[in-house]
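Presented below is the structure to which this report refers.
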């Protein structure tokens, strides 16, 4: 307030404007005179949106404006000991904003620092400490670091159940976050059991239309699909999407996650035309809202490519898969599980197009990387091995046909 009263800063809906003198002082302030850096942190704590950016896309423009200021004001090289709780709060919110933009790797160090600060200031079991730990779990998940995520999520969930209670909303949220890890590690039955219990509790405590309940519902579908329980997955997915569209809107990021999940369920249950229509609509919306290179957009691109391949539209599937794989390699890295899933998909499409040598090369590379990243016995690794065996068999038959043709001539 003092800074604003003296005309040194102005806050508006989407901007924080510092007087040039104050901005220069902040950049050059010596450690012996920390007053202005402390004021900047307090001013930002007041100015940035108070609510979580994750489910509030309307706040993203505001955060885009404030984010550089937050990074400067919370620089770990400054003496901010008098405002460490405010610093931790800003770091968590900034990290969540980065996560909404697909920047999980950039968010991780912010969350780690906030978690460390809160553990030291508040203790391991304080709700704010557990909030930071939960955010870090999601950051690890987005980076494909599933085993680390599982360990952290299990510890956080144990503490939340003890401190907050089993039915508290943050506890329920952490429960389905742990389910993500179990599912990605191929532990589908454990993920299903945990997900069913979480959904039952959410419905009882929060109601059918609460966003946490709806996320718990569509988050259960992948485990059900993996176990062949398509009817149950369809029932949950269709109901969740209908309710999300009504309560959150068609373009809300969580609504689009629900639509993406349902499109996969439709495809795997044999309803390919419906899957294609929903997949195309979801991809268009994600490109408009999140951008071409956002991880969620790329997952939709890859999923639609699979649907097209299974609908025997091989050339369209190849084009989409090649684009998705190129972007994933650049943004997520060569060894990210989603990148490897995209590579597996493209190899399968190349096989269908008769490009056996290209399919073999890509299939061998994908199998090698999946063994390193996921392990020998992960379901996705085994699927890659089965696919490569089929490609090698087709390649041998192709060579036999060519040899037979040469002899005939």
Give me a count of the residues in the stretch 59-85 that are more than 26 Å from the chain's Cα centre (by Cα), within 21 Å of residue 136 (Cα to Cα) and assigned to a helix (DSSP H, G or I). 2
Odd one out for residue 291, checked against (1) under 17 Å from the mean Cα position of the chain (by Cα); (2) farther than 16 Å from residue 316 by Cα; (3) in a helix (DSSP H, G or I): (3)
Close pairs from the stretch 42-53: first touching a residue at least 12 places away in the same chain (Cβ under 8 Å), partner outside any helix (DSSP H, G or I) and surrounded by 18 or more Cβ atoms within 10 Å (Cβ to Cβ), Cβ under 7 Å, at least 6 apart: 43/9; 44/16; 47/16
Among the listed residues 332, 320, identify the single one that is surrounded by 19 or more Cβ atoms within 10 Å (Cβ to Cβ), closer than 21 Å to residue 365 by Cβ and touching a residue at least 40 places away in the same chain (Cβ under 8 Å). 332
Is it fair to say residue 160 is in a helix (DSSP H, G or I) and within 24 Å of residue 373 (Cα to Cα)? no
Out of curiosity, is residue 308 farther than 23 Å from residue 224 by Cα, surrounded by 20 or more Cβ atoms within 10 Å (Cβ to Cβ) and out of contact with any strand residue (DSSP E or B) (no Cβ under 8 Å at 6 or more places or on another chain)? no
With part of a helix (DSSP H, G or I) and at pLDDT below 95 as the only criterion, which of 132, 114, 105, 88 stands out? 105
Yes or no: residue 285 without any contact (Cβ under 8 Å) to a residue 60 or more places away in the chain and under 19 Å from residue 258 (Cα atoms)? yes
Subset tally (residues that are surrounded by fewer than 16 Cβ atoms within 10 Å (Cβ to Cβ) and assigned to a helix (DSSP H, G or I)) for the stretch 206-236: 2
Taking the stretch 237-251, which residues are farther than 18 Å from residue 279 by Cβ and either assigned to a helix (DSSP H, G or I) or touching a residue at least 12 places away in the same chain (Cβ under 8 Å) (or both)? 239, 243, 246, 247, 248
For residue 326, all conditions in the list (1) farther than 25 Å from residue 269 by Cα; (2) not in a helix (DSSP H, G or I) hold save one; what is the number of the exception? (2)
Residues that are in contact with a helix residue (DSSP H, G or I) (Cβ under 6 Å, 6 or more places away or on another chain) and free of Cβ contacts under 8 Å to residues at least 12 places away in the same chain, drawn from the stretch 346-380: 358, 371
Residue 259: touching a residue at least 40 places away in the same chain (Cβ under 8 Å), part of a helix (DSSP H, G or I), within 20 Å of the chain's Cα centre (by Cα) and under 30 Å from residue 353 (Cα atoms), yes or no? no
Any chance the stretch 128-146 includes a residue that's farther than 23 Å from residue 104 by Cβ, more than 18 Å from the chain's Cα centre (by Cα) and buried (at least 16 other Cβ atoms within 10 Å of the Cβ)? no
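The values are calculated or read from the model by the stated rules, or taken from the named source; none is laboratory data. These numbers come from a predicted model, not from an experiment. Glycine gets a Cβ as well: all are built from the backbone with ideal geometry, and neighbour counts include every protein chain shown.
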